[in-house]
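Structure record follows, encoded as structure tokens.
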Amino acid sequence: MRLTKKTTTISTAGSSYSRFINPTVREFIDKVCALEGAEDGFATATGMAAIFGTFMTFMNSGDHLLSSPAVFGSTHTILTKYFGRWGMQYSYADFSSEAAVRAAIRPNTKMMYLETPTNPGLDVYDLEWIGRVCQEHNILLVVDNCFATPLLQTPISYGADLVIHSATKWMEGQGRVLGGIVVGKKELVREVYLFCRQTGPSLSPFNAWVLSKSLETLDVRMQRHCDNAEVLAARLEQHPAVNWVKYPTLPSHPHYAIAKKQMCRGGGIVVFELKGGRDACTRFMNSLQLLTLTSNLGDTRSIATHPASTTHSKLTEEERLALGITQGVIRISVGLEHISDIQADIVQALDGLGV
Ligand SMILES: *Cc1c(COP(=O)(O)O)cnc(C)c1O
């Protein structure tokens, strides 16, 4: 893989102050650029700093942002709580329909913003036509590629102008540090850099060093996450306590064909619905022995999350249902443990529901 090639020669030239750029941070940026097929990048303290910095760099008062309805909770809050204060507009479109997206474009639409696969619905959006529509209308296409990682999907190859990562998740992969990055076209990244070097969300060199080391194991880790997730998803589909299972490369997934086209593999997240709703989720989660109960994802250890009461608790019940987040939905971030251990723990907790 490209990671085995030396991508940088560490140089301190031009590194006058680490809020602007730092050689260790530069090394991390260059590695991610090599993986994403990007011309340049800027690394930030968190994923949210990369998202916020990108919005503030390009969106002016009066501009409109078109987003997929399912975005990370804090991104949703930036749009709903703060965009209006700065005179910026946003709206959502169903990115599984080209006609719906075309109809939602306004004369002042400056940016399209989406995640694919989405959290926690695991909808997969077709980057091919989305990239084409953005080019036609001269709209910036920004993709949060956190769930797929560049190992599984490279949005720039479909015309994305900028790709954002919460490096905190799969990229770091071991729950040690926070980080974020935005990569893409050189002239656009230059704008992000000029904004961020003054406003201060820069990545710390220590975290950049940790993240750089993480990239050296990204391939082996992601392959193992995917191996485990594939087996788990297929096993869950067989269990009588489970209503449905979503995993991008399960043939039953509604966007299976798109996933097969643009993703190498399905990723480390598996989502399913329990038949017994909220009560069954509580009993299921309380019976888990190996899995950690928290709302993080992309760690070495497997994690079970109840989105309706944690990551998506700020949404109204109606908004949640529109995203498919019922009270019975469980999200598993599948870790690096032996698959027999992960599966045994989940199956014993499901069996305990007595369905
Ligand atoms: C976690 C996450 C973020 C935010 O990243 P932080 O590093 O926590 O700031 C953004 N997008 C997605 C899809 C995430 O999972």
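The values are calculated or read from the model by the stated rules, or taken from the named source; none is laboratory data. Computed from a predicted structure; not experimentally measured. So basically every Cβ, Gly included, is an ideal-geometry build from the backbone, and we count neighbours across all protein chains shown. Please note that ligands, DNA and RNA were not included when accessible areas were found on the heavy atoms of the full protein model with its side chains. Shrake-Rupley method; radii C 1.70, N 1.55, O 1.52, S 1.80 Å.
Structure values in brief
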item	result
Extension gain from ALA13 to ASN138, taking 0.36 nm per residue of separation minus the Cα-Cα distance	41.4 nm
For the stretch 46-99 versus the stretch 155-215, the gap between their alpha-carbon centres in whole angstrom	18
For the stretch 226-290 versus the stretch 334-354, the gap between their alpha-carbon centres in whole angstrom	12
Cα-based shape type of the stretch 13-127, given that a ≥ b ≥ c are square roots of the gyration tensor eigenvalues and the cut on a/c is 1.5	prolate
Net length gained if the chain between ASP219 and ALA257 were fully extended (0.36 nm per residue, minus Cα distance)	11.3 nm
DSSP-loop chymotrypsin sites (Phe, Trp or Tyr not before Pro) across the stretch 159-261, with at most 11 other Cβ within 10 angstrom	none
Estimated FRET transfer efficiency (ALA103, LYS314; beta-carbon r; R0 41 Å; 0.05)	0.90
Cα-projected label distance for ASP94 with THR77, points at 7 Å along beta-carbon direction, nm	3.0
Sequence-separation-based contact order of the stretch 277-319, relative, with Cα cut under 8 Å and 6+ spacing, percent	26
Theoretical gain in end-to-end length, GLN238 to ASN286 [0.36 nm per residue, Cα-Cα removed]	15.1 nm
Value of relative contact order over the stretch 218-351, rounded to a whole percent, pairs C-alpha under 8 Å and six or more apart	28
About the Cα centre, charge dipole magnitude for the stretch 218-351 (Lys/Arg +1, Asp/Glu -1 at Cβ), debye	260
If the convex hull is drawn through the Cα atoms of the chain, its volume per residue in Å³	122
Accessible area in square angstrom per residue, the chain, 1.4 angstrom probe	40
Net charge dipole size for the stretch 199-269 [Lys, Arg +1 and Asp, Glu -1 on Cβ; Debye, nearest 20]	100
Protein accessible area in the chain, 1.4 Å probe - carbon and sulfur %	52
Peptide ranges 106-112, 77-83 listed from the most packed, as the mean C-beta count within 10 angstrom indicates	106-112, 77-83
The chain: relative contact order in percent, alpha carbon pairs under 8 Å with at least 6 residues between	18
